[in-house]
1. Over the chain, what is the relative contact order in whole percent, taking alpha-carbon pairs under 8 Å and six or more residues apart?
2. When the helices in the chain are scored as -39500 (n - 2.57) per DSSP H run of 4 or longer and the sum is shared across all residues, what 222 nm value do you end up with, to the nearest 500 deg cm²/dmol?
3. What ranking do Leu223, Leu97, Leu348 get, fewest neighbouring Cβ atoms within 10 angstrom at the top?
4. Compare Gly169, Gly297, Gly156 in a GNM of the chain, Cα atoms joined below 10 Å, and give the one with the largest fluctuation.
5. Can you tell me the FRET efficiency between Glu362 and Thr228 if r is taken as the Cβ-Cβ distance and R0 is 51 Å, rounded to the nearest 0.05?
6. Given points 7 Å out from each Cα along the Cα-Cβ axis, report the Tyr352 to Leu42 separation in nanometres with one decimal.
7. Can you put Phe258, Phe227, Phe266 in order of Cβ neighbours within 10 angstrom, beginning with the fewest?
8. For segment 23-173, what does the alpha-carbon gyration tensor say about shape, rounded, prolate or oblate, given a ≥ b ≥ c as the root eigenvalues, a/c under 1.5 as rounded, and a/b over b/c as prolate?
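Where a number appears in this text, it was derived from the coordinates with a stated rule and is not lab data. These numbers were taken from a predicted model, which means no experiment stands behind them. So basically every Cβ, Gly included, is an ideal-geometry build from the backbone, and we count neighbours across all protein chains shown.
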Amino acid sequence: MRITGKPSRRNVLKSLASVTAIASLGGCATAMTKSAGYARPLSRKPFVAPRISHDRIVRVITGLRPFRPQGFVVKREQFDDKTVIHNYGHGGGGITLSWGSSALAVRESMGMTIGEAAVVGGGIMGLTTARLLQDAGWQVTIYTRDVSRHATSNVGAGQWGPTSVFEEGVASKAFEGQYKFAARIAHHAFQNLSGNPNYGISFAENYFLGHEPQEDSYYLRELPELFTSVAHLEPHEHPFPVPYVKRMVSMLIQPATFLRRIRDDFYLAGGKMVVRNFANRSEILSLGETAIFNCTGLGAKALFDDENLVPIKGQLVFMQPDPAIDYLTIGGGTGVTYMFPRRGEILLGGSYQLNDWTTHVEADVTDRIITDNKAIFDNMRV
Ligand SMILES: Cc1cc2nc3c(=O)[nH]c(=O)nc-3n(C[C@H](O)[C@H](O)[C@H](O)COP(=O)(O)OP(=O)(O)OC[C@H]3O[C@@H](n4cnc5c(N)ncnc54)[C@H](O)[C@@H]3O)c2cc1C
């Protein structure tokens, strides 16, 4: 077992502990199911393979990730007597970063007189911004074209991992600092809520599957303290039919549950919601509130002329639920491939189609997602 990140004393001890555990299991391995021999850091249950087939599909959806190679925008801008604070462009990590990025946005209001605030956008960034503003004493109205269940935020797969948020080498060092700050705050906030089942947040083992050796992603290199039980596994330490497997434990957020709950929290704290589509920036600036938070995701491209904002289309296939599945897999296919278990469905991904504004479901993408996931799970050693 190769531990990633800094070989801290804690990691070395954990590594030794699991090696010892595996060695002591060796003698009785033949008396157990094969999967019972794999040391799992979180679940005490053997691995179960999800059943993948076309006739188990319950729904297929798509969404457009609001991506900026330079990274997301949190900044304050003055338009005559209106102060606009932007909070948009979180790519494939907006659920993950929501509380943290929104905390940075609220921090931008420092020095302003606390009163009435408008939040434009009712996705995860709008709702978390609104909640944090309420906690700071503001009276908040959310103005939005789509309520959260129709926003991209309700399409997001929900793994807690700030991935595909910016392009390394394009984003500035200052942005990287902002990103890490947001990730740490967001991790704290989600973990704090994870004990309450009404928020739809849980911890799960994540397995990254590869046909080639895997480099650690930026967030695992730069934020190792936010992920536990991180290790490269040897073939006898996992059941997956690929040579390279990396593991970590992180959170999984069920967007529909989470969004509904924080919307309810927003109403309970006296918030108001107005369904409204803004055709342009002047319409936003004509709102009655002088403090306006721009949480319009991809909408910010046209509303605030951000030419760096581009869509990344993603397609997800939902299968019948299977309560026996309690881990995530990422990778291992011929294209973007992942499997996340949810209470109401097994989610299979995915796709990553840069600059594709279309929103229709593509049958060939569905077929590829099914074929790739089936190849993994039909060949699992369970
Ligand atoms: C397939 C897929 C998988 C993903 N997986 C993950 C994941 O595993 N983990 C993760 O952290 N993130 C994931 N994401 C990314 C995440 O979903 C987004 O980063 C996040 O939802 C962006 O939130 P938002 O609130 O900024 O935008 P949105 O949810 O798009 O909300 C924007 C809001 O602004 C409103 N709006 C826009 N324009 C106007 C206008 N002109 N007038 C009025 N209102 C307007 C919209 O109606 C909407 O309510 C995934 C995304 C996709 C598509």
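1. Numbers: 807 pairs, mean separation 96.7, N = 382.
Relative contact order, the chain: 25 percent.
2. On the way: 9 runs with 108 residues, N = 382.
Helix-only estimate at 222 nm: -9000 deg cm²/dmol.
3. Working: Leu223 18, Leu97 25, Leu348 29.
By the 10 Å Cβ count, ascending, the order reads Leu223, Leu97, Leu348.
4. So, out of Gly169, Gly297, Gly156, the one fluctuating most is Gly169.
5. Working: r = 37 Å, r/R0 = 0.72.
Computed FRET efficiency for Glu362 and Thr228: 0.90.
6. 2.1 nm
7. Values: Phe258 26, Phe227 20, Phe266 23.
Going from sparsest to densest Cβ surroundings: Phe227, Phe266, Phe258.
8. Values: a/c = 2.60, a/b = 2.24, b/c = 1.16.
It is prolate, given that a/c is not under 1.5 and a/b is the larger ratio.
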